[in-house]
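The values are calculated or read from the model by the stated rules, or taken from the named source; none is laboratory data. Note that the structure is predicted; figures quoted are calculated from it, not measured. Neighbour counts are summed over all protein chains in view; Cβ atoms, including those assigned to glycine, are modelled from backbone coordinates with ideal geometry. Note: areas computed on protein heavy atoms with side chains; ligands, DNA, RNA excluded. Shrake-Rupley method; radii C 1.70, N 1.55, O 1.52, S 1.80 Å.
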Amino acid sequence: MLPLLYNGQYAIFAIVLFVIIFSLTLHEFGHAYSAKLLGDDTAEKMGRLNLNPMNHIDPMGLLFVVMIGFGYAKPVPVTHRKLKTTWAGAAVAAAGPLMNFLIALIAVNLQAAAYVFDIAALQSDVAQTSLTFLALINILLMLFNLLPIGPLDGHYVMEWLLPKSLKYKYHQWNGKYGTFFFLALVVLSILGVPVFRFLWNAAQTMSGWINFFV
């Protein structure tokens, strides 16, 4: 994001920053709300079952987003023994990326609907730019968090999807090496290797797939 400031694109910087804060907040709320529905009130007791960004955004994680283009929010605490079913852990993990998908779905179709139904308020440059970033960043967050490595949501989903014969082996492997691979991706990206270019390109492609007005 720093290049936006260097190039004097202050309005774009503000839009992207707002979108990231909004999207991370909804992502974490998705985890907290699904956990509550499935029997775990830990997040609710810790003040995470709300849409207040102050309760979900990690200041250092947000600073990392600005400085290096990668960051994090405060993880939602989950007490797995309180969950009602064996699949609830995977469902809670998937709820964050699902929330990002829903945001992207709404953003893409609002952007298109602005012209289909001639909604002047959504046709301005600010509105269209905001909706574009809202869609792409949320698809990117969804895809990134579904990677089945390290602390990302995808590893909980993967454990549930695998047969019992492989589940324990994968759990051990990810415990030993998952965080290493996760950090390696981040470091390579910081060093200029286009590790996440594939995810960004995928986000652009997927934004076309979920446009109901095409």
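Annotations
- HIS56 accessible area, 1.4 Å probe, all protein chains in place, Å² to nearest 10: 0 Å²
- Note that region 147-154 has calculated 3J(HN,Hα) couplings of 4, x, 9, x, x, 5, 4, x Hz, one per residue in order, obtained from phi through the Karplus relation 6.51 cos²θ - 1.76 cosθ + 1.60 (θ = phi - 60°); glycine and proline are x.
- Local net charge near ALA93, Cβ-Cβ under 11 Å (Lys/Arg +1, Asp/Glu -1): -2
- Fraction of accessible area attributable to carbon and sulfur, region 1-76 (%, probe 1.4 Å): 71 percent
- The helix-only estimate of mean residue ellipticity at 222 nm for the chain, built from DSSP H runs of length n ≥ 4 each weighted as -39500 (n - 2.57), is -21500 deg cm²/dmol after division by the residue total.
- For region 4-77 versus region 158-214, the gap between their alpha-carbon centres in whole angstrom: 19 Å
- In region 26-146, Rg over Rh equals 1.05, where Rg is the alpha-carbon radius of gyration and Rh the Kirkwood radius from pairwise Cα distances.
- Links that overshoot a 29 Å alpha carbon limit, given the list LYS45/LYS84; LYS82/LYS164; LYS36/LYS167; LYS84/LYS167; LYS45/LYS167: LYS45/LYS167
- Counting only protein heavy atoms and a 1.4 Å probe, the chain has 56 square angstrom of accessible area per residue.
- For LEU147, the residues whose amide H sits under 5 Å from its own are GLY154, ignoring neighbours fewer than 5 places away on the same chain, with H placed 1.01 Å from N.
- Sequentially through region 41-52, phi angles give Karplus couplings (6.51, -1.76, 1.60; θ = phi - 60°) of 9, 4, 4, 4, 5, 9, x, 9, 8, 7, 10, 7 Hz, Gly and Pro residues having no value and appearing as x.
- Whole-Hz couplings from phi, Karplus 6.51/-1.76/1.60, listed for region 99-110; x for Gly and Pro: 4, 4, 5, 5, 4, 4, 4, 5, 4, 4, 7, 5
- Counting protein heavy atoms only, region 93-214 has 72 percent of its accessible area on carbon and sulfur, 1.4 angstrom probe.
- Relative contact order, percent, region 64-214 [alpha-carbon distance under 8 Å, six or more residues apart]: 27 percent
- Directionally averaged projected area (the chain, Cα convex hull): 13.3 nm².
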